[in-house]
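Quick notes on the structure that follows.
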């Protein structure tokens with residue numbers, strides 16, 4: 001994996017590319033108007049981060065492409081800003097000032113909603129074990145601009161960690177955060193979810209361990225939440241009570257503490 005810029009090597013894009021390369025521990029390669037296909041062949045890599053003047057994109061050698069985008073979190077955020085409710089926040093019992101850990105952040109859609117609800121006094125930590133997704137999320141949260149001040153501020157407040165969530169949880173004291181959240185990749189994918197499908201190339205598809213839930217219950221003060229398919233056996237396997245919604249294939253499990 002390498003990092004480069006778009007064809008136009010704008011100074012700010014170069015600076016960001018160099019900084020992210022150091023942070024991720026992967027090479028920064030000058031673009032020099034070389035095609036990405038040729039660059040991948042020259043560098044013998046199967047994935048390239050492309051830093052653009054207004055964003056970041058991850059491209060594989062077989063031309064799969066993913067860019068950071070807040071996805072449905074922006075729609076949900078606008079509803080929240082209008083005073084409407086959000087099912088996830090209701091189940092998790094989120095309040096302003098809460099400290100929240102999103103253990104399987106992906107591209108941070110739920111982390112963003114948590115950050116907006118927790119507000120300036122709260123703290124959201126987004127944990128992602130996949131280095132490619134971590135890079136997209138880290139840079140995307142710093143640079144994405146929606147034009148809605150409250151939303152953009154919520155993005156900037158999120159702390160992103162590249163780590164295995166179990167290691168993060170084990171390092172925390174008892175009852176040190178309010179909410180622990182899990183949204184692992186579904187073993188049986190929701191095929192119509194076009195925003196998720198490209199992420200499967202890079203995501204960690206491992207099932208959650210019972211030990212992860214045990215650690216989450218140890219460190220959480222209020223709730224531990226699991227997002228899964230409605231008919232998933234993960235809820236019963238891991239000890240969650242299911243909160244179902246009849247109009248969607250997705251359900252939330254909750255452990256109230």
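Coordinate-derived values only; no laboratory data. Just so you know, these numbers come straight off a predicted model, no measurement behind them. Note: ideal-geometry Cβ built from the backbone for every residue, glycine included; neighbour counts use all protein chains shown.
The figures follow:
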| read-out | value |
| --- | --- |
| Folded to 0 to 90 degrees: helix 210-219 orientation relative to the chain principal axis, Cα | 70 |
| Full-stretch length increase - residue 237, residue 72 - with 0.36 nm per residue and alpha-carbon distance subtracted | 56.5 nm |
| Ranking of 74, 114, 49 by count of other Cβ atoms within 10 Å, fewest first | 74, 49, 114 |
| Of all DSSP beta bridges in segment 72-256, antiparallel share, percent nearest 5 | 40 |
| Shape category assigned to segment 124-164 from the gyration tensor of Cα positions, a/c cut at 1.5 | oblate |
| Segment 2-67, relative contact order [Cα under 8 Å, separation at least 6], % | 35 |
| Contact order relative to length of segment 72-256, as percent, for alpha carbon pairs under 8 angstrom and 6 or more apart | 21 |
| Space enclosed by the convex hull of the alpha-carbon atoms of segment 2-67, per residue, Å³ | 72 |
| Contact order normalised by residue count of segment 29-88, Cα under 8 Å, 6+ apart, percent | 17 |
| Alpha carbon centroid spacing (whole Å) that separates segment 161-184 from segment 26-83 | 27 |
| P(r), alpha carbons of segment 27-117 - 10 Å bins starting at zero, rounded % | 14, 35, 20, 19, 12, 1 |
| Rg(Cα) / (2.2 N^0.38 Å) computed for segment 61-163, rounded to two decimals | 1.04 |
| Per-peptide average of other Cβ atoms within 10 Å, ordering 135-141, 236-242 highest first | 135-141, 236-242 |
| Volume per residue that the Cα convex hull of segment 200-241 spans, once the total is divided by residue count, Å³ | 95 |
| The chain - Rg and Dmax from Cα coordinates, angstrom | 18.7, 56 |
| Segment 2-67 - share of DSSP beta bridges that are antiparallel (%, nearest 5) | 65 |
| Potential lengthening between residue 247 and residue 96 on full extension [0.36 nm per residue; Cα-Cα distance subtracted] | 51.5 nm |
| Simple spin-label estimate for residue 10 and residue 42 in nanometres, 7 Å along Cα-Cβ | 2.3 |
| Using alpha-carbon coordinates, inclination of helix 72-81 to the longest axis of the chain, degrees | 60 |
| Approximate spin-label separation residue 230-residue 159, in nm, with each point projected 7 Å along Cα-to-Cβ | 3.8 |
| With Cα atoms, 0 to 90° folded angle of helix 131-143 axis to the chain main axis | 90 |
| Cα→Cβ-extended label distance, 7 Å offset, between residue 142 and residue 64, nm | 2.6 |
